[in-house]
Amino acid sequence: MPAKVVGVTGSPRASGNTDFAVNSVLEMLARERDASTELLALRDYHLKHCAGCRGCMTAKRCVIEGDDLDRMVQPLNEADVIIVGSPVYWNSPPGVMKDFMDRVHGWFVAGPIWEGKQAGIISVAADGGFESHEDALRGWLRYYGANVAAETRLLAREAGDLEANPREREKLDRFARDMADAIGQHSLISDA
Ligand SMILES: Cc1cc2nc3c(=O)[nH]c(=O)nc-3n(C[C@H](O)[C@H](O)[C@H](O)COP(=O)(O)O)c2cc1C
């Protein structure tokens, strides 16, 4: 069975560096691993902010209604591999990404809902500030049980910078190869 790979782009900017990075990795995994791929662009969905109501702690699901949360989480629940790409905004993920992370708290009580999945993190910044950004994304994925198999830090500022920079693209290629290896391990487990 080909692996199902969902690439999340947490960038508010369509066709920017993060979109380019996530799409490149999805294309490579489809080509090299015959993976079925899907891009989840968080900015395209209607998502309310977490209200901090703590309703999920007793309801075991997010109690906010009237938005796209379930539609956004479903592809991740069905994925074998989750690639999260996000720009660095003030040393952390941007609001569109953070809102999604916060709302997935709806499954906090359920715990490791993404156990057995391989994950990868692509962070894009103009200069730096990667550490706290990666801590947040890594901690979030690991809380839900995903194994973070690879991470990469890419330097790019204006749209098109990443595509035009061979050194940064080499880092992206290496990340894609690491994820391809992780998919190889996944197939071995599911074929066993
Ligand atoms: C509000 C905002 C905050 C940013 N904060 C940082 C930062 O803390 N460190 C950094 O190196 N770049 C920062 N940047 C630059 C972006 O990370 C960079 O332009 C990145 O390429 C944007 O990704 P995109 O092309 O997917 O939109 C910031 C950009 C914006 C708009």
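The values are calculated or read from the model by the stated rules, or taken from the named source; none is laboratory data. All of these numbers come straight from a predicted model, not from anything done at the bench. No Cβ is skipped: glycine too gets one built from the backbone with ideal geometry, and neighbour counts run over all protein chains shown. Side chains included, ligands, DNA and RNA excluded: accessible areas come from the protein's heavy atoms. Shrake-Rupley method; radii C 1.70, N 1.55, O 1.52, S 1.80 Å.
Annotations
- Carbon + sulfur, % of accessible area of the chain - ligands and nucleic acids excluded, 1.4 Å: 48
- Test item: Cα-centred dipole of the range 4-191, Lys/Arg +1 and Asp/Glu -1 on Cβ, debye: 420
- Cα centroid separation - the range 60-77 against the range 145-167, whole Å: 28
- FRET efficiency, residue 158 to residue 132 (Cβ-Cβ, R0 22 Å, nearest 0.05): 0.40
- Over the chain, DSSP H runs of length four or greater, each weighted -39,500 (n - 2.57), average out per residue to a 222 nm ellipticity of -13500 deg cm²/dmol.
- Computed over all pairs of different Cα atoms, the Kirkwood value for the hydrodynamic radius of the chain is 16.8 Å.
- With all protein chains kept in place, the per residue accessible area of the chain amounts to 49 square angstrom at a probe of 1.4 angstrom.
- Taking max minus min of the alpha-carbon positions on each principal axis, the range 121-192 gives extents of 45, 26, 15 Å, largest first.
- Note on residue 110 and residue 90: the extension gain reaches 4.1 nm, defined as 0.36 nm multiplied by sequence separation minus the Cα-Cα distance.
- Averaging the sequence gap over all C-alpha pairs within less than 8 Å and six or more residues apart, then dividing by the number of residues, gives the chain a relative contact order of 26 percent.
- Highest mean first, the peptides 158-168, 139-149 sorted by other C-beta atoms within 10 Å per residue fall in the order 139-149, 158-168.
- Residue-by-residue Karplus 3J(HN,Hα) for the range 139-151, coefficients 6.51, -1.76, 1.60, Hz, glycine and proline x: x, 5, 5, 5, 4, 8, x, 6, 8, 7, 7, 7, 9
- Only one residue of 72, 87, 111 has its Cα farthest out toward the positive end of the dipole of the range 49-139, where Lys and Arg carry +1 and Asp and Glu -1 on Cβ, and that residue is 111.
- Coordinate range along principal axes, alpha carbons of the range 83-128, Å, largest first: 37, 21, 12
- Modelled label positions at residue 36 and residue 165, each set 7 Å beyond Cα in the direction of Cβ, lie 3.6 nm from each other.
- The range 103-119-the range 24-38 distance, computed between alpha-carbon centres (Å): 24
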